[in-house]
Structure formats: structure tokens, C-alpha cells
1. With under 10 Å from the mean Cα position of the chain (by Cα) and either exposed (fewer than 13 other Cβ atoms within 10 Å of the Cβ) or modelled with pLDDT of 95 or more (or both) as the only criterion, which of Arg66, Arg38, Arg45 stands out?
2. Restricting the range 70-113 to residues that are among the aromatic types (Phe, Trp, Tyr) and touching a Phe, Trp or Tyr at 6+ places or on another chain (Cβ under 8 Å), which is most open to solvent (accessible area, probe 1.4 Å)?
3. Considering only the range 85-115, state which residues are assigned to a strand (DSSP E or B), under 14 Å from the mean Cα position of the chain (by Cα) and among the small types (Gly, Ala, Ser).
4. Across the range 71-84, what is the number of residues that are assigned to a strand (DSSP E or B) and closer than 25 Å to Gln1 by Cβ?
5. Being closer than 22 Å to Asp72 by Cα and assigned to a loop (DSSP other than H, G, I, E, B) is the filter; apply it to the range 1-19 and report the residue that is most open to solvent (accessible area, probe 1.4 Å).
6. Can you work out which of the residues in the range 33-67 that are in a strand (DSSP E or B) and among the charged types (D, E, K, R) is nearest to Leu85 (Cα to Cα)?
Amino acid sequence: QVQLVESGGGLVQPGGSLRLSCAASGIIFRRFGMGWYRQAPGKQRDMVAIITSGGVIHYADFVEGRFTISRDNVKNTLYLQMNSLKPEDTAVYYCKVVAQSTEYWGQGTQVTVSS
């Protein structure tokens, strides 16, 4: 049974930083690409960053060099370091893996950027 559990969200002031984590179980983590997505109220869920099993990374344009995705294949954990946060980054952040042609999502972690 695949499980993804996000953590690390919270309330932060504009310009601040957060580090999100996504702990995975039920898969051979190192074999799969992983991704971070976000969904703001009333908006569609957007890709933030993805990292392949080989470490190839792609970011959404709105990241603008502020976020860094990484993975620890020993701890079976995906990370998203977010710096220079803006109010428009406020959203629920989800991690995702596609395994055996099935999408698996975590429950999400709320990030709120506000003064």
C-alpha cells in the first residue's frame, strides 16, 4: 500500500522560508519520479517541481529560482526547500508519485504566506 505523508507547512511572513517533506512508504522509492504540486482555493492544482528517479529536475516557471526539490533515497523522503516566499505561494502543497500506472497523492500540507 503506497502512502505519502507531507509535513513542514505553516504560516510564514513574506520573504521567509519553509522546508516541506514527503515521507513515502509502500514503494521502492528510488525507482520512481516524484513531484510537488500545489492548489490554492478556487484554483486548479499546479505542478511546482518534479524530480525523476535519475535526479533530473524540472520547475514551474513561477518558482523563479526560489525553490529546490531534492530526494533522499535512503530515508525515502522527498523535500521542497522554499525561500523568498510570496503571498501568492499560499496553497495546499501535495506530493505525488505514479506507480503501476496509478497516481498516489499525500494528504497535503498548508502553506500560508502572510504578514
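The values are calculated or read from the model by the stated rules, or taken from the named source; none is laboratory data. If you're wondering where the values come from, they're calculated on a predicted model, not measured in any experiment. Here the Cβ is made from the backbone with ideal geometry for all residues, glycine too, and neighbour counts use every protein chain on show. Accessible surface areas use protein heavy atoms only, side chains included; no ligands, DNA or RNA. Shrake-Rupley method; radii C 1.70, N 1.55, O 1.52, S 1.80 Å.
1. Details: Arg66 fails: under 10 Å from the mean Cα position of the chain (by Cα); Arg45 fails: under 10 Å from the mean Cα position of the chain (by Cα).
After applying the criteria, what remains is Arg38.
2. Filtering the range 70-113 down to residues among the aromatic types (Phe, Trp, Tyr) leaves 79, 93-94, 104-105.
The next check asks that each one be touching a Phe, Trp or Tyr at 6+ places or on another chain (Cβ under 8 Å); those that pass are 93-94, 105.
Details: Tyr93: 0, Tyr94: 33, Trp105: 88 Å².
For the range 70-113, the residue satisfying everything is Trp105.
3. Within the range 85-115, just Ala91 meets the criteria.
4. Filtering the range 71-84 down to residues assigned to a strand (DSSP E or B) leaves 71-72, 77-82.
Narrowing the set further to residues that are closer than 25 Å to Gln1 by Cβ leaves 71-72, 77-80.
Qualifying residue count for the region: 6.
5. So in the range 1-19, the residues closer than 22 Å to Asp72 by Cα come out as 1-9, 17-19.
From what is left, the residues that are assigned to a loop (DSSP other than H, G, I, E, B) are 1-2, 8-9, 17.
On the way: Gln1: 182, Val2: 26, Gly8: 36, Gly9: 33, Ser17: 61 Å².
So, considering only residues that are closer than 22 Å to Asp72 by Cα and assigned to a loop (DSSP other than H, G, I, E, B), the one most open to solvent (accessible area, probe 1.4 Å) is Gln1.
6. The initial filter retains those residues of the range 33-67 that are in a strand (DSSP E or B), namely 34-39, 45-51, 57-59, 67.
If we keep only those that are among the charged types (D, E, K, R) too, we end up with 38, 45-46.
On the way: Arg38: 14, Arg45: 18, Asp46: 17 Å.
Top of the filtered list is Arg38.
Each row is one residue, and each column tells you yes or no for (1) at negative phi; (2) out of contact with any Asp or Glu (no Cβ under 7 Å at 6 or more places or on another chain); (3) of a type in the set (Phe, Trp, Tyr).
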site: Gly26; (1), (2), (3): no, yes, no
site: Pro41; (1), (2), (3): yes, yes, no
site: Met47; (1), (2), (3): yes, yes, no
site: Ile57; (1), (2), (3): yes, yes, no
site: Phe62; (1), (2), (3): yes, yes, yes
site: Ser70; (1), (2), (3): yes, yes, no
site: Val74; (1), (2), (3): yes, yes, no
site: Leu80; (1), (2), (3): yes, yes, no
